[in-house]
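Accompanying notes for the structure given below.
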Amino acid sequence: AAALLRLLANIVVDGYPRTTEGTGGSVGERSVTPSYFATLGIPILHGRAFEEADRVKADGVVVLSESLARALLPHQDAVNRRVRLSPDGPWLTVIGVVGDVKNTGLTEQTTPEVYEVRKRGAATSAGMQRHATLIVRSSMRTDVVSEVLRNAVATIDAKMKMRARSGCCPTRSGSACS
């Protein structure tokens, strides 16, 4: 679930002035499925996580990381607030706030993040490569899990490329390693 980056100053909160241009730093944006937070052990601090129904609804919903919620709405609950990820973008409703995650390494600072639900059958933007990242938590050996996944993917599309790797997943309290 690689993140796109956008500027904090471009995010608009309904009823609040925008952050001053050139301040606030960057915000990671991730498109994830409903099980993402549970799979990685990312706690839901307020509100809720995505549900399957969110993947087909026309109304847009987002989940904010704790640090992004604090930056946008200090000392306030972000749940049920409306935000735009760009000044002319559609209004999206915040349905939850999750714990911060160290995606760039355990010794690095966290980056504020906004999570959008990955829509079913969503078309990709012009010039964007269509891809997905599958995250699996298992007590089985990596080579065994990889083979099971390759076989499952091949039954859907034998030409689909798949790359498997094992490693540590950054979490709020440390890492989960295979």
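Quick one: would you say residue 1 is assigned to a loop (DSSP other than H, G, I, E, B), at pLDDT 90 or above, in contact with a helix residue (DSSP H, G or I) (Cβ under 8 Å, 6 or more places away or on another chain) and surrounded by 14 or more Cβ atoms within 10 Å (Cβ to Cβ)? Judged against the criteria, residue 1 is not a match.
When 137, 141, 150 are checked against the criterion of being modelled with pLDDT under 80, open to solvent by 90 Å² or more (accessible area, probe 1.4 Å) and over 15 Å from the mean Cα position of the chain (by Cα), 137 stands alone in meeting it.
Looking at this structure, is residue 128 at pLDDT below 75, closer than 23 Å to residue 8 by Cα and either of a type in the set (S, T, N, Q) or open to solvent by 50 Å² or more (accessible area, probe 1.4 Å) (or both)? Give the steps one after another, and end with the answer.
Details: at pLDDT below 75: yes; closer than 23 Å to residue 8 by Cα: yes; either of a type in the set (S, T, N, Q) or open to solvent by 50 Å² or more (accessible area, probe 1.4 Å) (or both): yes.
The answer is yes for residue 128.
Among residues of the stretch 67-93 that are farther than 15 Å from residue 6 by Cβ and touching a residue at least 12 places away in the same chain (Cβ under 8 Å), none has a Cβ under 7 angstrom from a residue that is in a helix (DSSP H, G or I) and among the charged types (D, E, K, R) at a sequence gap of 6+ or on a separate chain.
Would you point out the residue of the stretch 109-123, among those that are open to solvent by 70 Å² or more (accessible area, probe 1.4 Å) and at negative phi, that is modelled with the highest pLDDT? Don't jump to the end; show me each part of the working.
We begin by selecting, within the stretch 109-123, every residue open to solvent by 70 Å² or more (accessible area, probe 1.4 Å); these are 109, 118, 120-121, 123.
Add one more test, that the residue is at negative phi, and what stays is 109, 118, 120, 123.
Numbers: 109: 80, 118: 85, 120: 73, 123: 51.
For the stretch 109-123, the residue satisfying everything is 118.
Within the stretch 55-77, the residues that satisfy the criterion of being touching a strand residue (DSSP E or B) at 6+ places or on another chain (Cβ under 9 Å), hydrophobic (A, V, I, L, M, F, W, C) and closer than 15 Å to residue 116 by Cα are 61, 62, 63, 64, 68, 69.
Residues that are modelled with pLDDT of 95 or more and open to solvent by 30 Å² or more (accessible area, probe 1.4 Å): find the strands (runs of 3 or more DSSP E) completely inside the stretch 38-105 holding 2 or more of those.
Working: elements: 44-47, 61-65, 82-84, 92-98.
Per the criteria, 44-47.
The values are calculated or read from the model by the stated rules, or taken from the named source; none is laboratory data. Bear in mind the structure is a predicted one, so any value in this text is a computation, not a measurement. Cβ sites come from the backbone with ideal geometry, for glycine too, and all protein chains shown count toward neighbours. Side chains are part of the model used for accessible areas, which takes the heavy atoms of the whole protein and leaves out ligands, DNA and RNA. Shrake-Rupley method; radii C 1.70, N 1.55, O 1.52, S 1.80 Å.
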